[in-house]
Amino acid sequence: MFVPRPLLRTVLPVAAFLALWALAFLLVTNSYYRLVLTIVPIWAVFGLAWNLLSGYSGLISFGHASFFGLGAYAVALAFAEWHVSPWIGIPVAGLLGCLAGVVIGVPTFRLRGHYFALAMLAYPLALLHVFLWLGYQEVSLPMRREDGPAFMQFADARIYGWIAVALLGGAMALTIAVERARFGLSLIAIKQNEAAAEAAGIDTWRTKLVAIVMSGGLASAIGGFYAVILLVVTPEAVFGMLVSAQALTVTMFGGIATPWGPVIGSVVLIPLSEVLQAELGATIPGIQGFVFGAAIIAVVLVAPEGVFWRVADALARRRAPPAPEASAVEAPTDAAPPRTQPAADAPVILEVRNLSKSFSGLRAVQQMSFAVRQGEILGIIGPNGAGKTTVFNLLNGFLRPDEGEILLEGRSIVGWRPHKVCRAGAGRTFQIMRPFPRLTIADNVMVGAFARTRTLDEARAVTADALRLVGLDRDVRQLAGGLTNLQLRLMEIARALAGQPRILLLDETLAGLGAPEVEVLLVVIRRLAARGITIVIIEHTMHAMVRLVDRFIVLDHGALLSEGAPADVMRNPAVIEAYLGKKWQRADA
Amino acid sequence: MTQTRRDVMAATLGLTAATGLTVRIGQAQAPAEVKVGLLVPLSGPWARFGEIMRRGAELAVRHINERGGVAALNGARMRLVVLDAGDSTEKAKNAAQRMVAQEPDMVAATGAYLSSFTLAATEVTERAELLMLTLSYSDLITGRGFRYVFQTSSRAGDQAREAIPTLMQLAQSASGRRPETVGILTDNTAASISFVEPIRQEAQARFGVRVVVDETFTPPLSDATQLVQRIRSRRPDMLIFPVTVISDAKLVIEKMNEFGLGRGRLPTIANGIAVAQTDMLQNVGAEQLEGLMTVVANWDAKGQEQIIEEWRRETNEPWMTQNAISTYGDMWIVKYALEAARRADRNAVAQAIRTMDVTDGPAAYFPGRRIKFDANGLRENAGLMVVQWQGGRPVTVYPSQSAVAEAVWPRRT
């Protein structure tokens, strides 16, 4: 994404593949093989539809048969009851699928992880019974002996195949377009870490909704075409568990989150299943299912992310030797530019008034008030459990305060969702790092750049700037999965920076780093401050903090204990007691 | 010596070649074998039914070949080509496409057990102009204006409409009086609902039978006490009880026995072959099943004793059921059509079936004992059979020409 892949290099293989598949219909004369050649692209498109939502966003749907079946029934019923041609029925089915995406997405996105997957499972099961109850056990698409082509009925079976190939081309093009747009990167960010994506300024709810609408539309349209091929629609055939499973199977086999995955899966599995059915079905009935299942298990064990990624990883390894170890970040050569502390009357950028939050009886934050001045480096310290991270979560919108006010540049941001807070100019990093491991460093950072940029080029410029600022501009193509602790910390800061924040909330950024690495980070943070970015940092490492911050606030048991310049705070008996216990305070006194 | 032996060998070879040649010429005129397709589910949840159909077809093909094959084609033997329709409509359709693509010389086929499979498969066979016989029930099968599909069973809608007059007649002849009230106890599956719907609507108006209790439940039942209590309190003259899930049938039948309504004391009539399967014998037991009736499209019947006996010896299945006997009969229909067509040509065979009107031969294996198809391919007056559990076996008690036993219907005093 950050390093754009030439469009031709993406599109040419797709075009070549589609052309070959279309050509196959000219060479194959056996009507059965033609039918199999037609069914392969159908399941590939269904897999691509599933992939658009579940592959890219990671929201696993066990119920895509809902969309598929609605499309199939829409086309079949429109044809059988009102004589509407599938030429019209299929696009209408697509729109219906989009609508179903909204209807299903809005309530179901309240659930996460396994709960989402299970809830999705319920929809086709319910629809299956609804269609049974409506009396549509079997809907047959009438045979048109005179005006067949007007009703998508052809004497020449190759035409069905070519329509299927065209639909596959459309679905692959849509997938490629999504991948190349910021929308696609947003989806991948959601998949890898939804909270981080939201904090980086992505409206995750809307992004997911758009994804399910596109996915539902595509699945419904191909379900409609499936009805044209099968000519008989039954609830079991279009809403059944096997239908939903088919989308997962072809995609997971071929490779998730790539336009090629579902295609590879279908091209291998559908003919394999047919050959087994043909060769073994009548002689050792039932064995074909076993062989098919065993083949899938074997491939999943060898290539857990699918055939495509296995091959792609192997090729990448052969093409490029592993990145040299030297890519570890060295200390920035230039020292941090000098900065002056903000004046006491500098404008307040962030103000917190009487902030409180309880977790069923545990008062995590109570009646807290403080203000951050523009250009300041404010350190928040306090013993474990003092409520530091909770304050951050309240500030950036992950949590909603029970009472109190949060003003960002004079505007109340209470109740805003995190992406909105981010877009308003408050970025944050996490105590537990939340990288997107399958993305490169640059793409990880670029996810953050979408918050305040409009075009991809603008986002690229902002990303490059952020990478330069933290000193990661040399290894942009490295995958985040293999980074050192320091690189990850820097990358997180860069991601927050890409959102062009006015104020940056850094949560234990120095945790787990050795002394030389801490020095690198201190330089980077000072550099940000010199740029005029206000910094609020939570930290345990006192000796580093004392050198970094302009001012401390000290928390204990969710309340503000003390506030002031580093030297004053360090001498405050209450602070020493909170950190070290009463004994130390007395000994010191 | 050596010379002589070589001569003999040469002569033998020449003779063999010559014989081979003659045979091949003979084949060109009348093939040595005629292929008939059997497309049924042999894997997945319906595999057992498909297997029964296959064994029925194999038995028929063996009988046909043992008795001289197709006489009109110089005794050509029939050969069964078996295809697995699998567990989904798509697989059934693919298998049908494979059948027509890879067996261009097949003359006819039968299948595909489930209505939805048959509907999909016949979309293929129709376009390939390959005739397909089927025992599936769906009204749609012969409602599409197809010319190559022939339905030997009574359609679901017809079965439902005919059930009440059939039962009235049966009751009249068995007990000497017509029932005046009827109870309905049905699950809410599609097949059951479509069976009881005409009874609800027409029983009173057309036959003067009052529906005194009408209960619908959702499978699976956890307890049948309340349902059976309500039926007992209303005391209908007969109970219509279409049920699709064996465990529901078991619960209701056991409870009826407990309440003194079992063993035919309240004549109880199910629909379909589910309650007449051998599984019922193991699950519910012969004792409690006694007297239970079911309305089916075909069953083991009078005049088929020898076949059934052979079936039992070979398969260890105690009776043939609709699936085996209808498929057995289908093979004889094809054989009969081949004799009439005098050509191993699928269109000629289809034409022969369209004009067929027989009351002997293959007609012996179907209720009504006549094979004549209407313009849509539906067997005219396909009729019903009523089967009743008697002494641990479901035996045909209606119609009289097929019945192997009298129906047991309580005489009310």
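The values are calculated or read from the model by the stated rules, or taken from the named source; none is laboratory data. Nothing here was measured: the structure is a model prediction, and the numbers come from that model. Glycine gets a Cβ as well: all are built from the backbone with ideal geometry, and neighbour counts include every protein chain shown.
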**Prompt:** With respect to the numbered conditions (1) within 16 Å of B:Q304 (Cβ to Cβ); (2) surrounded by fewer than 22 Cβ atoms within 10 Å (Cβ to Cβ); (3) in contact (Cβ under 8 Å) with a residue 60 or more places away in the chain, which one is the sole condition not fulfilled by B:A405?
**Reply:** (3)
**Item:** Those helices (runs of 4 or more DSSP H) lying entirely in the stretch B:37-138 with at least 2 residues under 18 Å from the mean Cα position of the chain (by Cα) and closer than 30 Å to A:F239 by Cβ
**Value:** B:47-66, B:115-127
**Request:** State all residues of the stretch B:170-220 that are part of a helix (DSSP H, G or I) and of a type in the set (S, T, N, Q); if no residue qualifies, say none.
**Result:** B:Q172, B:S173, B:S175, B:S192, B:S194, B:Q201, B:Q204
**Asked** If we scan the stretch A:355-366, do we find a residue that is in the same structural domain as A:T440 (by TED's automatic domain parsing), surrounded by 17 or more Cβ atoms within 10 Å (Cβ to Cβ), modelled with pLDDT of 80 or more and closer than 28 Å to A:A257 by Cβ?
**Response** no
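Table: residues versus (1) small (G, A, S); (2) more than 14 Å from every other protein chain (Cβ to nearest Cβ).
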{"residue": "B:L131", "(1), (2)": "no, yes"}
{"residue": "B:L135", "(1), (2)": "no, yes"}
{"residue": "B:G145", "(1), (2)": "yes, no"}
{"residue": "B:Y148", "(1), (2)": "no, no"}
{"residue": "B:S154", "(1), (2)": "yes, yes"}
{"residue": "B:R161", "(1), (2)": "no, yes"}
{"residue": "B:I164", "(1), (2)": "no, yes"}
{"residue": "B:M168", "(1), (2)": "no, yes"}
{"residue": "B:A171", "(1), (2)": "yes, yes"}
**Asked** How many residues are within 12 Å of chain B (Cβ to nearest Cβ) and not hydrophobic (A, V, I, L, M, F, W, C) when one looks only at the stretch A:217-232?
**Response** 1
**Item:** Leading residue by the ranking (surrounded by the most Cβ atoms within 10 Å (Cβ to Cβ)) among those in the stretch A:143-158 that are within 11 Å of chain B (Cβ to nearest Cβ) and of a type outside the set (G, A, S)
**Value:** A:Q153
**Message:** What's the number of the only condition in (1) small (G, A, S); (2) closer than 25 Å to A:Y56 by Cβ; (3) not in a loop (DSSP other than H, G, I, E, B) that A:G379 fails to meet?
**Reply:** (2)
**Request:** Look through the stretch B:118-129, keep the residues that are surrounded by 24 or more Cβ atoms within 10 Å (Cβ to Cβ) and within 11 Å of another protein chain (Cβ to nearest Cβ), and return whichever of them is farthest from A:A155 (Cα to Cα).
**Result:** B:T118
**Message:** Can you report the number of residues in the stretch B:121-161 which are more than 30 Å from A:N30 (Cβ to Cβ) and either without any contact (Cβ under 8 Å) to a residue 12 or more places away in the chain or not aromatic (F, W, Y) (or both)?
**Reply:** 12
**Request:** Pick out, from the stretch A:528-583, the strands (runs of 3 or more DSSP E) lying fully within it that include 1 or more residues that are modelled with pLDDT under 85.
**Result:** none
**Asked** What is the number of the single condition among (1) assigned by TED's automatic domain parsing to the domain that holds A:S57; (2) closer than 30 Å to A:G481 by Cα; (3) in contact with a Leu (Cβ under 8 Å, 6 or more places away or on another chain) that A:F253 does not meet?
**Response** (1)
**Message:** Residues that are closer than 22 Å to A:R423 by Cβ and assigned to a helix (DSSP H, G or I): does the stretch A:498-521 have at least one?
**Reply:** yes
**Request:** Restrict the check to the stretch B:210-217 and report whether at least one residue is more than 30 Å from B:A337 (Cβ to Cβ), within 14 Å of chain A (Cβ to nearest Cβ) and modelled with pLDDT of 90 or more.
**Result:** yes
**Request:** Taking the residues in the stretch A:172-204 that are touching a His at 6+ places or on another chain (Cβ under 9 Å) and not in a helix (DSSP H, G or I) as candidates, determine which candidate is farthest from A:L506 (Cα to Cα).
**Result:** A:D203
**Message:** So, in the stretch B:222-232, how many residues would count as being part of a loop (DSSP other than H, G, I, E, B) and either buried (at least 19 other Cβ atoms within 10 Å of the Cβ) or within 14 Å of another protein chain (Cβ to nearest Cβ) (or both)?
**Reply:** 1
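Each row is one residue, and each column tells you yes or no for (1) buried (at least 22 other Cβ atoms within 10 Å of the Cβ); (2) among the β-branched types (V, I, T); (3) farther than 23 Å from A:R363 by Cβ; (4) more than 24 Å from the chain's Cα centre (by Cα).
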residue	(1), (2), (3), (4)
A:G387	yes, no, no, yes
A:N396	yes, no, no, no
A:R400	no, no, no, no
A:G404	no, no, no, yes
A:C422	yes, no, yes, no
A:A426	yes, no, yes, no
**Single unsatisfied condition, A:N444 versus (1) surrounded by fewer than 19 Cβ atoms within 10 Å (Cβ to Cβ); (2) in contact with a helix residue (DSSP H, G or I) (Cβ under 8 Å, 6 or more places away or on another chain); (3) part of a helix (DSSP H, G or I)** = (1)
**Asked** Which residues, counting only those in the stretch A:512-535, are over 17 Å from A:D465 (Cβ atoms) and either outside the structural domain of A:C422 (by TED's automatic domain parsing) or of a type in the set (G, A, S) (or both)?
**Response** A:G512, A:G514, A:A515
**Complete:** Restricting the stretch B:52-89 to residues that are more than 14 Å from every other protein chain (Cβ to nearest Cβ) and in contact with a strand residue (DSSP E or B) (Cβ under 6 Å, 6 or more places away or on another chain), the one farthest from B:G329 (Cα to Cα) turns out to be B:A76
**Message:** Step by step: first the residues of the stretch A:23-74, then only those that are outside any helix (DSSP H, G or I) and within 17 Å of A:G255 (Cβ to Cβ), then the one that is farthest from the other protein chains (Cβ to nearest Cβ). Which residue is that?
**Reply:** A:G58
**Prompt:** Across the stretch A:251-283, what is the number of residues that are of a type in the set (V, I, T) and under 10 Å from A:G306 (Cβ atoms)?
**Reply:** 4
**Asked** Quick one: which of B:A203, B:A249 is in contact (Cβ under 8 Å) with a residue 12 or more places away in the chain, surrounded by 15 or more Cβ atoms within 10 Å (Cβ to Cβ) and under 20 Å from B:M280 (Cβ atoms)?
**Response** B:A249
**Request:** Answer yes or no as to whether A:M241 is within 14 Å of chain B (Cβ to nearest Cβ), out of contact with any Gly (no Cβ under 6 Å at 6 or more places or on another chain) and farther than 30 Å from A:L399 by Cα.
**Result:** yes
**Request:** Could you tell me which residue of the stretch A:106-142 is farthest from the other protein chains (Cβ to nearest Cβ), considering only residues that are over 25 Å from B:A191 (Cβ atoms), free of Cβ contacts under 8 Å to residues at least 12 places away in the same chain and in a loop (DSSP other than H, G, I, E, B)?
**Result:** A:R110
**Prompt:** Which members of the stretch A:70-95 meet the condition of being under 16 Å from A:G216 (Cβ atoms) and surrounded by fewer than 17 Cβ atoms within 10 Å (Cβ to Cβ)?
**Reply:** A:P91, A:L95
**Message:** Name the residue that is farthest from the other protein chains (Cβ to nearest Cβ), counting only residues in the stretch B:99-117 that are free of Cβ contacts under 8 Å to residues at least 24 places away in the same chain and not small (G, A, S).
**Reply:** B:P104
